[in-house]
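Structure first, commentary second.
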Amino acid sequence: MNVKVIAFDADDTLWVNEPYFRASEEAFCTLLSEFLPRHELERELLKTEIGNLNLYGYGIKGFILSMIETAMVATNNMISAKTIGEIMDLGKAMLNQPIELLDGVEEVLAELKGKYRLVVATKGDLLDQERKLKKSNLNGYFHHVEVMSEKDDANYLKLIKHLDIRPSELLMIGNSLKSDVLPVLNIGGYAIHVPYHITWAHEEIEHSIDSGMFRSVERIKDVLAFL
């Protein structure tokens with residue numbers, strides 16, 4: 001590989017994220033348990049989240065609005081102001097969570113800094129991602145931070161143009177095959193998948209990936225073997 005830039009996903013690659021969504025979803029289902037069974041609420045919430053992505057994008061704020069909308073549907077618009085307040089409190093608690101770095105992250109960044117340009121390439125709410133990066137104390141490792149509305153081929157090409165590199169000079173490291181791997185391979189870059197034990201259903205794919213520019217490792221520290 002003739003890699004010049006290594007891009008890291010943020011949520012569930014650098015720090016813990018998805019478990020907070022799952023815990024809030026569980027609490028949400030408990031709040032509305034008298035109206036619908038949990039599996040129906042989970043299915044309705046996922047459908048609402050995906051339907052709202054073009055309006056709200058990714059992140060906690062859109063998740064809160066989708067929970068409120070789901071609650072309105074589940075209760076036939078009879079949801080109480082008190083329950084809406086409790087749903088909003090779930091979201092605020094998520095926004096105030098401390099940042100928990102995943103094992104080996106800082107060790108890897110320290111090893112790679114100075115050898116490559118390191119960037120963050122993530123999606124989600126800009127304010128929330130900036131807050132998390134600041135609280136992580138990892139800012140000093142990164143040359144650039146890119147918060148995308150969607151991780152697709154076009155936005156990765158914009159990133160490459162901004163960084164003034166060729167696609168083959170980019171290596172993307174992340175936990176999502178759908179967002180961190182496939183688009184980068186599509187444009188001619190390299191990608192390493194570092195799976196996380198919980199994956200949002202919207203990020204799952206049903207087919208395997210066969211590419212000489214792709215690797216999968218168990219832990220983020222294992223990427224150093226390829227660099």
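Worth a mention:
- Looking across the range 109-126, the residues that are of a type outside the set (Ser, Thr, Tyr) and not in a helix (DSSP H, G or I) come down to 113, 114, 115, 117, 118, 119, 120, 121, 123, 124, 125.
- Residues of the range 188-197 classified as farther than 24 Å from residue 21 by Cβ and outside any strand (DSSP E or B), total: 2
- Note on the range 127-143: residues that are under 29 Å from residue 92 (Cβ atoms) and either charged (D, E, K, R) or not in a helix (DSSP H, G or I) (or both) amount to 9.
- Residue 74 meets the conditions (1) in contact with an Asp or Glu (Cβ under 7 Å, 6 or more places away or on another chain); (2) not assigned by TED's automatic domain parsing to the domain that holds residue 34; (3) not hydroxyl-bearing (Ser, Thr, Tyr) in every case but one. The failed one is (2).
- Selection status of residue 78, out of contact with any Cys (no Cβ under 8 Å at 6 or more places or on another chain) and surrounded by 14 or more Cβ atoms within 10 Å (Cβ to Cβ): no
- Qualifying residues in the range 144-154 (those that are out of contact with any Gly (no Cβ under 9 Å at 6 or more places or on another chain) and not in a strand (DSSP E or B)) - the one surrounded by the fewest Cβ atoms within 10 Å (Cβ to Cβ): 154
- Matching option when the condition is over 17 Å from residue 6 (Cβ atoms), in a helix (DSSP H, G or I) and either more than 16 Å from the chain's Cα centre (by Cα) or modelled with pLDDT under 95 (or both), among 157, 185: 157
- Some residue of the range 164-172 being β-branched (Val, Ile, Thr), surrounded by 19 or more Cβ atoms within 10 Å (Cβ to Cβ) and modelled with pLDDT of 95 or more: no
- All conditions in (1) surrounded by fewer than 20 Cβ atoms within 10 Å (Cβ to Cβ); (2) not in a loop (DSSP other than H, G, I, E, B) hold for residue 210, with the sole exception of (2).
- Residue within the range 94-108 that is outside any helix (DSSP H, G or I), free of Cβ contacts under 8 Å to residues at least 24 places away in the same chain and on the phi < 0 side of the Ramachandran plot present: yes
- Taking each residue of the range 124-135 that is modelled with pLDDT of 90 or more and looking for partners that are assigned to a helix (DSSP H, G or I) with beta-carbon atoms closer than 8 Å, six or more apart or interchain, yields 128/60; 128/61; 128/95; 131/95; 133/139.
The values are calculated or read from the model by the stated rules, or taken from the named source; none is laboratory data. The structure presented is a predicted model; accordingly, all values stated were derived computationally and were not measured. Positions of Cβ are backbone-derived with ideal geometry, glycine not excepted, and every protein chain shown enters the neighbour counts.
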